[in-house]
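Structure record follows, encoded as structure tokens.
The values are calculated or read from the model by the stated rules, or taken from the named source; none is laboratory data. Everything numeric here is computed off the predicted structure, so don't read it as measured data. Here the Cβ is made from the backbone with ideal geometry for all residues, glycine too, and neighbour counts use every protein chain on show. The area values use the complete protein model at the heavy-atom level, side chains included, leaving out ligands, DNA and RNA. Shrake-Rupley method; radii C 1.70, N 1.55, O 1.52, S 1.80 Å.
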Amino acid sequence: MDFAAQVMGVVNVTPDSFSDGGRYLDPAAAVAHGAELVAEGAAILDVGGESTRPGADPVGLDEELRRVIPVVEGLAERVPGTAISIDTTKAGVARRAVTAGAAVVNDVSALRADPELAGVVAASGVACCLMHMLGEPRTMQDDPRYDDVVSEVKAFLEERLEFAVGHGVDEQAIWLDPGIGFGKTAEHNLELLARLDEIVALGRPVVVGTSRKSFLGRLAGGRELGRRLPGTIATNVMALERGASVFRVHDVAEVVDALAVAGATVAASEWRGGRRV
Ligand code: HH2
């Protein structure tokens, strides 16, 4: 099994993101933060200009462009060997971000929000992350229900994968994400993490984003944002063990270390007396 985990560092250029809103609104601050995350071991930087936290208001195209494009341009110059991901649902943002140097489009709507985004991804040949979300950010946490969350998320991702390929996106460039916290209760999140191997079985790299999310705080007895790193590490280590490939986090240095140790331990468990068992 290959445990070449890649850490995706989060660079939010928003006033209202749930954990770091307003900290990196100035492009220079966002670029400096991204460079710091790369020095800490991030292989990918995910630049976002629209918060998707529960209850967040949508952002218009011009405002989103104004926030993210200078940051993508700045990062492309400052950390040229790093893959830059643009976290957007808009074709207009993805198009400009790719021109500015982005190599990944991370779409939390899985190509449902903007009918033109699939074409932009296909034409530019960049990688694309398709994420599951039930409902839309404003209302997604209002009593989400599933019969079997894992089977339903898996069927959704399979359908979106087919949709993307049908619209000319190279299958090899597609990543899948169960969308932890996007229209899910804590129990749904836990079941998705526990049975992540079923999503991995779809055969595409799986991305997980648990970083600092509220269910981690609740499970640990009511931890505020600043005290959710242990839960972030625990869930990312478990996701690694179940075959995830990309780990989207705010606290890069700590997660890189945890995944290095966890990955080495999993690899050691597969070898006995110099032989793979
Ligand atoms: N989570 C968030 C945003 N984008 N993309 C993927 N692929 N997977 C995720 O789990 C994911 C994501 C939410 O986190 P954050 O960016 O910190 O907050 P906000 O949406 O408030 O900006």
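Quick one: among Asp16, Asp62, Asp170, which has the greatest mean-square fluctuation in a GNM of the chain with alpha-carbon springs under 10 angstrom? It is Asp62.
Working note: Cα gyration tensor of region 113-195, eigenvalues times five, square-rooted, sorted largest first, giving semi-axes of 26, 14, 10 Å.
Using alpha carbons only, how many angstrom separate the centre of region 243-277 from the centre of region 118-170? Between the Cα centre of region 243-277 and that of region 118-170, the gap is 27 Å. When both bridge partners sit in the chain, DSSP labels roughly 5% of those beta bridges antiparallel.
By how many nm would the segment from Glu152 to Asp62 grow when fully extended, if each residue of separation counts as 0.36 nm and the alpha-carbon distance is taken off? Walk me through the intermediate numbers first.
Values: separation 90, 0.36 × 90 = 32.40 nm, distance 3.49 nm.
Full-extension gain reported as 28.9 nm.
By the rule of a C-alpha distance below 16 Å, with chain neighbours fewer than 8 residues away ignored, the aspartates and glutamates paired with Lys154 are Glu162, Asp177, Glu191, Asp197, Glu198.
With equal scatterers on the alpha carbons only and no solvent term, can you work out the Debye log10 of I(q)/I(0) for region 18-109 at 0.14, 0.18, 0.22 1/Å? Each listed q maps to, in turn, -0.44, -0.75, -1.13. Applying a DSSP loop filter and a limit of 13 other Cβ atoms within 10 Å to the GluC sites (Glu not before Pro) in region 65-143 leaves Glu116.
Note on region 107-233: with neighbouring protein chains present and a 1.4 Å probe, carbon and sulfur make up 50 percent of its accessible heavy-atom surface.
Annotation for region 183-241: GluC sites (Glu not before Pro) lying in DSSP loop with at most 14 further Cβ atoms inside 10 Å of their Cβ are Glu224. Long hydrophobic helices in the chain: the complete DSSP H runs spanning 20 Å or more by Cα along their own axis with mean Kyte-Doolittle hydropathy of at least 0.0 are 149-166, 252-269.
For the chain, the alpha-carbon coordinates run over 57, 41, 41 Å along the three principal axes, in decreasing order.
Computed over the alpha-carbon atoms, region 91-235 gives an Rg to Rh ratio of 0.99, Rh here being the Kirkwood radius from the mean inverse distance. Using the Cα coordinates of region 228-269, the gyration tensor eigenvalues translate into equivalent-ellipsoid semi-axes of 17, 10, 9 Å, sorted from longest to shortest.
Take every Cα pair under 8 Å whose residues are at least 6 apart in sequence, average their separation, divide by the length of the chain, and the relative contact order is 18 percent. Taking the Cα atoms of region 83-136, the ratio Rg/Rh between the radius of gyration and the Kirkwood radius comes to 0.94.
Here, P(r) means the percent of Cα pairs in each 5 Å bin from 0 to the largest distance; for region 199-277 it is 3, 15, 22, 20, 18, 11, 6, 3, 2, 0.
For the Cα trace of region 162-248, dividing Rg by the Kirkwood Rh returns an Rg/Rh value of 1.03.
Per residue, the chain exposes an accessible area of 43 Å² to a 1.4 Å probe, with every protein chain left in place.
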